[in-house]
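Enquirer: To start, I am sharing the structure in question, which I have written as C-alpha cells.
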Amino acid sequence: MFEEKIYDSLPEVLFKDKKSGIVKKDKFDPNRIYISLLKETDLSEQDAEKITIDVFRFITSSNLKILTAPLIRELVSYSLSKFGFEIARLQNTRIGFPYKDLEEKIADCNDVEEFKEFIYTGVIDEYNEVKKLIESSDNSN
C-alpha cells in the first residue's frame, strides 16, 4: 500500500518481540496496521485501508518523539471509533492495566502469587466483558 521511499521518513516504533520478549526498534510500517485489522477484526479491505491511512496521516503529521506498538493500537482504536466501527474497536482493544494501577499494586503487593492472581483475574474479567459486548452486538444485528 505504501511505497518503499516513504518508509525512510517514518519514525521508529518500540515494540516487544513476541518470541524473545525483548523490546526492539523498527521502522513504522503502516501495512502492519492494515494486516492486523484484517486479521483481528471483521472490517472489509476497504475499511481497513481507510483506518490505516487515517492513522498513518496522524502519525506522520504529529511529530511524535516516542512511538510504541501500544500507542499505535490506541490510535487505531480512536480511528475505528471516529468512523463508527465500534465492534472492530472492541475486537482491536488491548486488554490489561493502566500503568499507574500496576505501579500501585506492585508497591502494595509483597506476594508474587497474589500479584499473579490479580493480573490473571483482571485480564480474564476484562476479556469476558469485552467478549460480552461483542457477542451482544452480534446478536442485535
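Enquirer: From the list 117, 113, which one is loosely packed, with under 10 Cβ neighbours inside 10 Å and farther than 22 Å from residue 70 by Cα?
Expert: Being loosely packed, with under 10 Cβ neighbours inside 10 Å and farther than 22 Å from residue 70 by Cα holds for just one of 117, 113, which is 113.
Enquirer: With respect to residue 78, is the statement that it is closer than 19 Å to residue 32 by Cα, without any contact (Cβ under 8 Å) to a residue 12 or more places away in the chain and aromatic (Phe, Trp, Tyr) true?
Expert: It is true that residue 78 is closer than 19 Å to residue 32 by Cα, without any contact (Cβ under 8 Å) to a residue 12 or more places away in the chain and aromatic (Phe, Trp, Tyr).
Enquirer: Counting just the residues of region 90-141 that are among the aromatic types (Phe, Trp, Tyr) and more than 30 Å from residue 43 (Cβ to Cβ), which one comes out nearest to the chain's Cα centre (by Cα)?
Expert: Restricting to residues being among the aromatic types (Phe, Trp, Tyr) and more than 30 Å from residue 43 (Cβ to Cβ), the top hit is 120.
Enquirer: Follow-up. Which of the following residues is charged (D, E, K, R) and under 10 Å from the mean Cα position of the chain (by Cα): 49, 40, 74?
Expert: Exactly one of 49, 40, 74 is charged (D, E, K, R) and under 10 Å from the mean Cα position of the chain (by Cα), namely 74.
Enquirer: With the condition being farther than 28 Å from residue 51 by Cβ, I'd like the helices (runs of 4 or more DSSP H) fully within region 80-141 carrying at least 1 qualifying residues.
Expert: In region 80-141, 99-108, 112-140 are the helices (runs of 4 or more DSSP H) which contain 1 or more residues that are farther than 28 Å from residue 51 by Cβ.
Every number in this text was worked out from the coordinates using simple rules, so none of it is lab data. As the structure is a computational prediction, the values presented were derived from the model and not from experiment. Note that we place each Cβ from the backbone using ideal geometry, even for glycine, and neighbour counts take in every protein chain shown.
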